[in-house]
Amino acid sequence: MKGFRNFFWVGALFVAMTAAGVNAQSALPPASGQPAQNTIVISATTAAPNQAEPAAEAVPQAAPTLFTVLGLPVTNSMVCTWIVAALILVIVRLTTWRMKEIPTGGQNVMETLIEGWEGLMGNILEPRVARWVFPFATTFFIFIVMSNLVDLIPGVGSIGFGTPNPNSSLPFAIDHVDRPFFRPPTTDANLTVVMAGIFLVMSLYWAVRYNGVWGLVKHIFGVKMEANKWVYPLFFLLFLFIGAMELLSVTFARPVALAMRLYGNIFAGESILDMVFHSKSMIEAIGLSIFVYFYETFVCVVQAFVFAMLVVAFVGTLCTHSDEEYGH
């Protein structure tokens, strides 16, 4: 029971920090050529034949602002982030409200997920470090999986504010929605950058807690091989350079890789789905969408697993005594 409660509160803290971080993004200027009056519409392929129109950006990189609260912009990706966070808290609370000795239903699924991740991390990290990282990485996995799968929900990205197409015979139809109500959270780089920033802070905290300040410096810059006193200065300079590269990797390359890998894969998937749904042939759109849905489901789960496992692996490289210090 205590472990489930810790997991719940860590999850609540994480999603609160994430939502607060996404709130920090600046307001987006209105797109050029955007109509002054918008209506709620559903996207459809209704372009008139033989009519040349400028190509519009299928999925904008910047999440559009839906409304403002006290002068702060609220984007469609932020709305989805809050919904996913609330849904996770409700599911975790309901499945752990009354614990049974023989788990069934949601409790069984939750215990299987947690025990699986606990066993996986136990094979990579030392027991003490695994206890620190386990709630953090598991929460990352659950949050990212659910955020990624939002991309596959019908209506996400296709229902929102826009201007009806006058050339269409269908009511409430346009070529592209200007401001969708919902957007998958992980297709917004603001969110993935915030998650990578949280990982950077926590990984450095765990590294200092495990090694100590001076121990961490020796872990990164220390000479990790036996050397006599004559060649030691040469090896010292070599490992000083290697340590500088390692420090750059820990503080910059790893967080950037985490943020951009997740953002790029999910954003690309949403763009592919948008192109498929805007196919001119209905048969082509249905056939391709079935294949793309299966493929994107696989990608959504794998990318969440990769993100969480990279977090575990990166922390493991900082919290280990496998590299012993050698004397002169």
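Descriptive notes on the structure:
- Pairing residues of the range 64-78 that are in a loop (DSSP other than H, G, I, E, B) with residues that are acidic (Asp, Glu), at Cβ distances under 8 Å and at least 6 apart in sequence or on separate chains, gives PRO64/ASP178.
- Only listed residue being among the polar types (S, T, N, Q), surrounded by 15 or more Cβ atoms within 10 Å (Cβ to Cβ) and out of contact with any Leu (no Cβ under 6 Å at 6 or more places or on another chain), chosen from THR95, THR112, THR104: THR95
- Note on the range 107-164: residues that are over 30 Å from ASP178 (Cα atoms) and not charged (D, E, K, R) amount to 30.
- The single residue among ALA137, ALA130, ALA86 that is out of contact with any Pro (no Cβ under 8 Å at 6 or more places or on another chain), surrounded by fewer than 21 Cβ atoms within 10 Å (Cβ to Cβ), small (Gly, Ala, Ser) and at pLDDT 90 or above turns out to be ALA86.
- Residues being among the basic types (Lys, Arg) and crowded, with 16+ Cβ neighbours inside 10 Å - total across the range 251-281: 2
- Contacts under 9 angstrom Cβ, first residue in the range 286-305 being over 18 Å from PHE267 (Cβ atoms), partner modelled with pLDDT of 90 or more, 6 or more apart: PHE305/PHE141; PHE305/ILE144; PHE305/VAL145
- Residue count for the range 290-326 under the criterion of being at pLDDT below 80 and surrounded by 15 or more Cβ atoms within 10 Å (Cβ to Cβ): the result is 0.
- Residue in the range 90-104 that is under 19 Å from the mean Cα position of the chain (by Cα) and either touching a residue at least 40 places away in the same chain (Cβ under 8 Å) or part of a helix (DSSP H, G or I) (or both) present: no
The values are calculated or read from the model by the stated rules, or taken from the named source; none is laboratory data. What you are looking at is a predicted structure, and each value in this text was computed from that prediction instead of being measured. Cβ atoms come from the backbone with ideal geometry, glycine included; neighbour counts cover every protein chain shown.
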